[in-house]
Structure formats: C-alpha cells, structure tokens
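J.: What follows is a single structure, and I will ask about it in a moment.
The values are calculated or read from the model by the stated rules, or taken from the named source; none is laboratory data. The model shown is predicted, which means the values in this text are computed figures rather than measured ones. FYI the Cβ positions are ideal-geometry reconstructions off the backbone, even for glycines, and counts take in every protein chain you see. The accessibility values were calculated without ligands, DNA or RNA, using every heavy atom of the protein model including side chains. Shrake-Rupley method; radii C 1.70, N 1.55, O 1.52, S 1.80 Å.
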Amino acid sequence: MIIDSPVGLLTLVENRAGLAGVYMAEHKRRPAWETLGDVVGPPSSPVLCAAAEQLCEYFAGSLREFTIPLAPVGSPFQQRVWDALSQIPYGELRTYGALASMLGDPSMAQAVGSANGRNPLSIIVPCHRVVGADGSLVGYAGGLKRKEFLLELENPALGHTEALF
C-alpha cells in the first residue's frame, strides 16, 4: 500500500505476522520491488489500513506511540537494536553509543549504527531519533531532510516544520 505523507510517498508492507516495512521514496537499502510481494490497492488489509491511519495521526501530531503489530525481518542482533529504538521516547534523542550501552556493550556503536540503517520500519520504529556522538544529524535511510523534519515534528523547539513533499 502506498500513502502520501508530509515526507513524501510511503510504501507500507506487511507479512503474515504484521507490518514489515515502511519505506520512503529514495529510501536507502530499500528491498527490490519484486521481493515485497503483490501490490494491494484499497481496500486493503486491516494491518495496512491501521498503519496508514496511525501514520496520518502521527503527522497530525495526535499520535506519539504506534500500536500496530510489527513484524520486521532481520537478524537477532538487528531485532535487538530495533527493539531498543522503539524504547526511545517521542521527541527525545539518543546517540549510537547510548544505544550500544543500552544493549550492554558501548563498543558496539558502529554495529548499532549499521543495524539502525537497516531498520525496515522507518518512522514507526524511530531510527530518526538517533544522532551522532556530538549531537549532529547523521545517517538516515530517507535522507537528512526527512530526519530533520521528523525530529522537529516531535520536538517543535528544534525549529519550524513544513511538509517537504
């Protein structure tokens, strides 16, 4: 399912267990179209409809926590990193080092960054809330403009947000 959003078109993908992907246009490391399965147009599955609705609420500023079933596919380490990302509160930031410490090994910051970059559930699993050790905006699969937009949406003190696309 493809929906429009303030950060451009989002492709929502599900598997048998739940939402498996939220991909932005120009998304780095996006799976090949043929690996995503059949294209389903409206009306769609309850999971995809709920994901679309919750994303709209998030962008409207009325939703801070997603409640749809998530089913990203990844290695056990990636799953641990994605679970840790999900624990970062709305509007807050963490560094890669802080996430590595949360996982029990501060020296794993680079591996955490790699797993973060392969997060298939952009926005919903908030990889945009992770910044460099010095607080700078670094690495985002949807591009730094989108990352900045999402951070400002969640924390207006960071600046003024306007739709990008």
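J.: What's the total number of residues in segment 57-86 that are open to solvent by 60 Å² or more (accessible area, probe 1.4 Å), in contact (Cβ under 8 Å) with a residue 12 or more places away in the chain and under 29 Å from residue 4 (Cβ atoms)?
T.: 7
J.: To continue, here is another question. So which of 97, 91, 74, 21 ends up being in a helix (DSSP H, G or I), at pLDDT below 95 and either within 20 Å of residue 141 (Cα to Cα) or of a type in the set (A, V, I, L, M) (or both)?
T.: 97
J.: Same structure again: Of 10, 48, 85, which residue is in contact with a Cys (Cβ under 7 Å, 6 or more places away or on another chain) and either modelled with pLDDT of 90 or more or under 21 Å from residue 153 (Cβ atoms) (or both)?
T.: Step by step, each of 10, 48, 85 is checked, and only 85 is in contact with a Cys (Cβ under 7 Å, 6 or more places away or on another chain) and either modelled with pLDDT of 90 or more or under 21 Å from residue 153 (Cβ atoms) (or both).
J.: Tally the residues that are of a type outside the set (D, E, K, R) and part of a loop (DSSP other than H, G, I, E, B), restricting the search to segment 44-68.
T.: The first filter runs over segment 44-68 and keeps only residues of a type outside the set (D, E, K, R), leaving 44-52, 54-56, 58-63, 66-68.
Narrowing the set further to residues that are part of a loop (DSSP other than H, G, I, E, B) leaves 44-45, 61-63, 66-68.
Final tally of qualifying residues: 8.
J.: Taking residue 138 as the residue in question, decide whether it is in contact with a strand residue (DSSP E or B) (Cβ under 9 Å, 6 or more places away or on another chain), open to solvent by 30 Å² or more (accessible area, probe 1.4 Å) and in a loop (DSSP other than H, G, I, E, B).
T.: Criteria met by residue 138.
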